[in-house]
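See structure below.
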Amino acid sequence: MEASDWLDRWEQNRIGFHQPSVSAYLQQYLPEIDLKPGATIFLPLCGKAHDIAWIALQGFQVVGVELSGIAVKAFFSEQGLSRQQSESGRFLLSKSGAISIYQGDYFDFPEEVLTECKLVYDRASLIAFAQSDRARYCEYMRSIIPPQTEILLITLDYDQTQMEGPPFAVPRNEVEELYQSHYQIEVLVQNDVLDERPRWREQGLSALTETVFRLKPMVSR
Ligand SMILES: C[S@@+](CC[C@H](N)C(=O)[O-])C[C@H]1O[C@@H](n2cnc3c(N)ncnc32)[C@H](O)[C@@H]1O
């Protein structure tokens with residue numbers, strides 16, 4: 001997927017990845033992570049997810065990055081929030097209270113914005129990249145977040161020969177390859193979710209597994 005493909009998807013409203021409500025996994029597992037009130041949580045490739053607003057309501061600072069101006073505008077209007085816009089380097093920053101969304105390319109995102117980041121919430125971000133780009137995505141992440149930052153990661157896995165991504169299939173062993181040198185990897189839950197998404201069965205999938213990982217950095221906090 002090129003940047004232009006994502007922008008086209010937003011223009012044509014082909015956003016099947018957008019969930020109509022807050023992620024149940026987020027609601028279940030975020031409280032288990034020991035974060036102080038006001039801690040900063042980073043959402044790479046944030047779209048217009050309801051998760052953004054929910055995290056802010058829990059008392060955290062949210063920093064998101066998203067390529068599409070349509071997505072950013074829709075987020076604020078759908079949440080009924082007015083935003084202040086300003087230029088910030090290569091990004092257009094939209095801010096409302098504890099929420100800051102940077103419109104631009106994740107691979108340009110500056111580490112200075114994330115010096116206080118305590119958690120990355122990755123829902124449909126790693127799996128938005130084809131396999132050839134995933135190591136680059138993870139390496140860039142490590143270059144911009146503080147070393148003690150945890151990651152809450154949600155992936156999908158299926159037989160990649162049965163369907164083209166995105167979302168792309170990311171097997172557990174690949175998560176291990178990508179992260180195990182710097183993180184202790186814990187599987188919080190793994191669910192077979194094909195019955196909940198009949199559209200994907202129609203597209204040819206015979207199995208679909210969703211996994212939530214908690215990645216704890218192997219450095220002292
Ligand atoms: C699969 S969607 C997931 C969105 C969101 N995380 C969610 O749960 O709804 C991937 C999003 O990443 C955005 N995106 C893709 N490549 C990007 C990049 N290089 N930098 C910033 N955003 C990007 C797309 O526009 C799209 O909104």
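Coordinate-derived values only; no laboratory data. Everything quoted here is computed from the prediction, not taken from an experiment. All Cβ positions, even for glycine, are placed from backbone atoms using ideal geometry, and neighbour counts span all protein chains on display.
Can you give the extra length, in nm with one decimal, that the chain gains between E78 and R90 once fully stretched, where that is 0.36 nm per residue apart less the Cα-Cα distance? Present the calculation step by step, with values, prior to reporting the outcome.
On the way: separation 12, 0.36 × 12 = 4.32 nm, distance 2.53 nm.
Gain in length upon complete extension: 1.8 nm.
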Inset, instruction - Could you pull out every one of the aspartates and glutamates with an alpha carbon less than 20 Å from that of K95, ignoring same-chain neighbours closer than 8 positions? - result: D51, E66, E78, E87, D105, D108, E111, E112, E116
Inset, instruction - Would you mind checking K48/K118; K36/K73; K118/K216 for any pair whose Cα atoms are more than 19 angstrom apart? - result: K48/K118; K36/K73
Legend entry - Whole-angstrom Cα spans of segment 115-221 along principal axes, big to small: 46, 26, 22
Inset, instruction - Work out from phi, with θ = phi - 60° and the Karplus expression 6.51 cos²θ - 1.76 cosθ + 1.60, the ³J(HN,Hα) of each residue of segment 92-105, listed in order in whole Hz, and give x for Gly and Pro. - result: 9, 8, 10, 10, 8, x, 7, 9, 10, 10, 9, 8, x, 8
Legend entry - Summed residue charge, Cβ within 12 Å of S23's Cβ, Lys/Arg positive, Asp/Glu negative: -2
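For the chain, give the share of DSSP beta bridges that are antiparallel, in percent and rounded to the nearest 5; count only bridges with both residues there. Before the final figure, lay out the partial values.
On the way: 26 of 44 bridges.
Taking every DSSP beta bridge within the chain, about 60 percent pair in antiparallel fashion.
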Legend entry - Globularity ratio of the chain, using Cα Rg and 2.2 N^0.38 Å: 0.98
Inset, instruction - Report the percentage of all Cα-Cα pairs in segment 1-102 whose separation exceeds 24 Å, rounded to a whole percent. - result: 23
Legend entry - Most fluctuating residue given options D192, D34, D108, as computed from a GNM of the chain linking Cα atoms under 10 Å: D34
Inset, instruction - In a Gaussian network model over the chain where Cα atoms closer than 10 Å are linked, find which of F91, F17, F129 has the largest mean-square fluctuation. - result: F17
Legend entry - segment 25-68 and segment 73-127: distance between their alpha carbon centers, rounded to Å: 11
